[in-house]
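The values are calculated or read from the model by the stated rules, or taken from the named source; none is laboratory data. Just so it is clear, the structure is predicted and the values come from calculations on it, not from any experiment. Here the Cβ positions follow ideal geometry from the backbone for every residue, glycine too, while neighbour counts run over all protein chains shown.
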Amino acid sequence: MLNQDIQILTLNKLNTHISLRSELGILTMDNFLEKVNKNGNFKNKFYAVFLFTDCKGSLKIDNQCYDLIPHQFFFLNYNQVFSFQDTESCKGYVLLFTKSFYNYIYTGNKMINSDTALVEMSPYIILKNESRKDQWQSFEELKKEYQSEKILFKEVICLLLKVFVLKYIRYSHKTSHLNTQSDRKKTLVDHFNNLVNINFKELKTTSTYAKKLNITPNYLNAIIKESLDISAGKIIKNRVILEAERLLLHTTLSVTEISYELGFSDKSHFGKYFKAEKEYSPNQYRKANTG
């Protein structure tokens, strides 16, 4: 169980907007930082986009630290751990939304309708010139509709949100793989990623996921490699290691407790698995990164 060093954020805790507060929220950066008290580690139970107009300091997402600069947007996925460090004069907005709200309207395009567009979102983009004007205009339209509560405003907001997300992808220059996959392959990649996020503690081999998807391990590995330029096994291992890092850095659980939490039969098995990837034992990694 996570200790109190890491705080869980939900939309109901953060959002004062009544109609959509459990599904979507837009807060000023000042208001958001005031609600999270700016200090500490936080895990969000939603998607989040941080839109900075001006800021000094840094933002740590999982174990990666980013220096903040004006007109920089960050995308955070479900359950990512983040913290602000040495920040001052932070201005901008925070856009929060749930998976169910993003999928509220079926568009006829599987990539847009499902979470496929959100699987490989770049952690940040830096906007300049026309891209800056275009992305901010999309956000302002979204914010204006969010504040209006006119008839059908929920439907309009959902569509504007999709536009905002697609433009984020456009300006992160990561669209090439989206244009080359068949719909079936897109769906399989999406289902595989979802299955890994749900089952990574219990299932750690490509063959077990292939069986759930009713395809062969070789075919699963081929479409993942084609789509994401990484093997299916590596996707699984990366998810396990990410969770291990979170638990080592943000909880007081012992290495033995973490090994059981992640589905390993014993501490030794977990230690070998972790060291093969990080070149440090779990204890060495914790000491090196927590001082």
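Within region 254-291, being hydrophobic (A, V, I, L, M, F, W, C) and in contact (Cβ under 8 Å) with a residue 12 or more places away in the chain holds for Val255, Ile258, Leu262, Phe270, Phe274. Every listed requirement among (1) surrounded by 17 or more Cβ atoms within 10 Å (Cβ to Cβ); (2) more than 24 Å from Ile61 (Cα to Cα); (3) hydroxyl-bearing (Ser, Thr, Tyr) is met by Ser265 save one, (1).
Among the residues of region 55-68, the ones that are under 12 Å from Thr87 (Cβ atoms) and part of a loop (DSSP other than H, G, I, E, B) come to 1 in all.
For every residue, the table says whether it meets (1) at positive phi; (2) within 20 Å of the chain's Cα centre (by Cα); (3) outside any helix (DSSP H, G or I); (4) modelled with pLDDT of 95 or more.
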residue: Thr208; (1), (2), (3), (4): no, no, no, yes
residue: Glu245; (1), (2), (3), (4): no, yes, no, no
residue: Leu249; (1), (2), (3), (4): no, yes, no, no
residue: Phe270; (1), (2), (3), (4): no, no, no, yes
residue: Asn289; (1), (2), (3), (4): no, no, no, no
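Among the residues of region 48-66, which ones are touching a Ser or Thr at 6+ places or on another chain (Cβ under 9 Å) and either closer than 27 Å to Leu166 by Cβ or aromatic (Phe, Trp, Tyr) (or both)? Scanning region 48-66 gives Asp54, Cys55, Leu59, Ile61, Tyr66.
The residue that is modelled with the highest pLDDT, counting only those in region 155-198 that are charged (D, E, K, R) and exposed (fewer than 14 other Cβ atoms within 10 Å of the Cβ), is Glu155.
Quick check on Phe52: is it assigned to a strand (DSSP E or B) and out of contact with any Asp or Glu (no Cβ under 9 Å at 6 or more places or on another chain)? Answer is yes for this residue.
For region 46-63, a tally of residues being at pLDDT below 85 and buried (at least 16 other Cβ atoms within 10 Å of the Cβ) returns 0. For the residues Lys212, Lys201, the requirement of being surrounded by fewer than 17 Cβ atoms within 10 Å (Cβ to Cβ), at pLDDT 85 or above, part of a loop (DSSP other than H, G, I, E, B) and of a type outside the set (Asp, Glu) singles out Lys201.
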